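This report concerns only the one structure given below.
The values are calculated or read from the model by the stated rules, or taken from the named source; none is laboratory data. This is a predicted model, so every value here is computed, not measured. Note that we place each Cβ from the backbone using ideal geometry, even for glycine, and neighbour counts take in every protein chain shown. Remember, those area values only see protein heavy atoms, side chains included, never the ligands or the DNA or RNA. Shrake-Rupley method; radii C 1.70, N 1.55, O 1.52, S 1.80 Å.
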Amino acid sequence: MHLERVDPDNLPSLHDDEATVTGKVPGSRKLRERFDELHDRLAKLQRVFYADGRHALLVVFQGRDASGKDGTIRNVCGAFNPQGCRVTSFGVPSTHELAHDFLWRIHNAVPPRAMIGVFNRSHYEDVLAVRVHELVPEAIWSGRYQQINAFEAGLVANDVIIRKFFLHVSSDEQRERLQERLTNPERNWKFRAGDLDDRARWDEYTDAYREILGRCSTMDAPWFVVPADDKRVRDYLVARELVDTLESLDLRYPEAAPDIMRYASLVD
């Protein structure tokens with residue numbers, strides 16, 4: 001059970017039935033065991049990734065309200081040592097941010113080599129919410145796909161590995177999660193009236209997401225659509241892809257310099 005890169009020539013429909021995995025899914029206990037193995041593997045891989053220092057890793061999470069971005073980051077990226085990982089959440093741009101180009105605040109958060117950067121929402125909001133809510137003219141947002149691709153290509157050329165995950169939740173599952181959020185005193189503070197406004201624009205957001213997948217899933221900066229109705233499956237699939245990505249990098253611990261190793265004989 002693993003994710004496939006989005007093929008721009010064969011786009012997913014993003015219908016509700018694609019929010020669950022088709023075929024056989026391991027039972028709850030077995031899935032938990034496999035996830036725990038991946039979680040441990042991620043922790044070990046991050047240690048050598050940090051020591052290796054040749055790459056940065058940028059992990060982007062996008063999804064509708066209540067699709068599970070916070071939960072996925074907590075459950076999957078919780079494997080990483082905070083010393084080598086930074087999570088950045090992108091909300092409504094500030095006045096200062098709006099005074100710059102739309103990628104300015106994004107570039108400031110790109111991880112340096114040896115670090116893992118996790119984006120909770122991202123530069124793609126500028127071709128999502130901005131488009132759906134008509135915050136800027138089409139002539140502006142329509143040109144941003146090319147700018148985004150050029151931006152990401154520049155990052156890749158400078159040793160940033162990019163993996164982008166769209167957490168795909170069905171309409172029924174989103175409704176249940178929003179209702180739960182409203183009735184749970186520990187969670188209803190997260191609810192905002194705009195959640196319902198965005199839900200009413202379901203089809204418009206679907207069109208916007210499909211255009212992103214079609215125009216911005218590239219060989220070096222691919223998109224993955226994650227069936228997100230089942231939280232356990234969602235977390236497993238993301239963890240599986242991150243493990244595969246890190247294992248593909250031929251990571252290694254650097255050799256200690258001779259002037260360091262001469263101290264080995266002095267350690268009692």
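Starting from the Cα gyration tensor of region 1-47, take the square roots of the eigenvalues, sort them a ≥ b ≥ c, and report rounded, prolate or oblate (rounded when a/c is under 1.5, otherwise prolate if a/b is larger than b/c, else oblate).
Oblate shape, in that a/c is at least 1.5 and b/c is the bigger or equal ratio.
For T183 paired with Q147, estimate the spin-label separation in nm (one decimal), with each label point 7 Å from Cα along the Cα-to-Cβ line.
Here the modelled spin labels are 4.4 nm apart.
Which shape class, rounded, prolate or oblate, goes with region 75-155 when its Cα gyration tensor gives a ≥ b ≥ c as root eigenvalues, a/c under 1.5 marks rounded, and past that a/b bigger than b/c marks prolate?
prolate
Determine the share of the chain's accessible area contributed by carbon and sulfur atoms, expressed in whole percent, with a 1.4 angstrom probe.
49 percent
Report the number of Lys pairs in the chain whose alpha-carbons are under 21 Å apart, with separation of 8 or more residues or on distinct chains.
Within the chain, the lysine pair count is 7.
Residues of the chain: accessible area per residue at 1.4 Å, in Å²?
Per-residue accessible area for the chain comes out at 53 Å².
Could you estimate the translational diffusion coefficient of region 156-263 from the Stokes-Einstein equation, with Rh from the Kirkwood formula over C-alpha pairs, at 37 °C and 0.692 mPa s, in whole µm²/s?
The diffusion coefficient I find is 186 µm²/s.
State log₁₀ I(q)/I(0) for region 95-239 at q = 0.11, 0.16 Å⁻¹ as given by the Debye formula over alpha-carbon point scatterers of equal weight, solvent excluded.
-0.50, -1.07
Looking at G53, F165, A193, which one has the Cα that reaches farthest to the positive end of the dipole of the chain (charges on Cβ: Lys, Arg +1; Asp, Glu -1)?
G53
Report, in deg cm²/dmol and to the nearest 500, the calculated mean residue ellipticity at 222 nm for the chain, where each DSSP H run with n ≥ 4 adds -39500 (n - 2.57) and the sum is divided by the residue count.
-13000 deg cm²/dmol
Length gain on complete extension for the stretch L11 to E134, per 0.36 nm per residue less the alpha carbon to alpha carbon distance?
Result: 41.8 nm gained on full extension.
Which distance in nm do the two modelled labels at D40 and V92 give, with both placed 7 Å along the Cα-to-Cβ direction?
Placing both labels 7 Å beyond Cα along the Cβ direction yields 4.6 nm.
Would you mind working out the magnitude of the charge dipole of the chain relative to its Cα centre, with +1 at each Lys and Arg C-beta and -1 at each Asp and Glu C-beta, to the nearest 20 Debye?
Its charge dipole is roughly 740 debye.
Would you kindly state how much longer the chain becomes between S28 and Q83 on full extension, computed as 0.36 nm times their sequence separation minus their alpha carbon distance, in nm to one decimal?
Gain in length upon complete extension: 16.6 nm.
Ordered by packing density, taken as the mean number of other Cβ atoms within 10 Å over each peptide's residues, highest first, how do 190-199, 89-98 rank?
Going by the mean number of other Cβ atoms within 10 Å, highest first, we get 190-199, 89-98.
Set the Förster radius R0 to 45 Å, insert the Cβ-Cβ distance between R192 and M1 as r into 1/(1 + (r/R0)^6), and round the FRET efficiency to 0.05.
Result of the calculation: an efficiency of 0.85.
So which trypsin sites (Lys or Arg not before Pro) in region 221-257 end up in coil per DSSP with only 15 or fewer other C-beta atoms within 10 Å?
Within region 221-257, the qualifying trypsin sites (Lys or Arg not before Pro) (loop, at most 15 other Cβ atoms within 10 Å) are R252.
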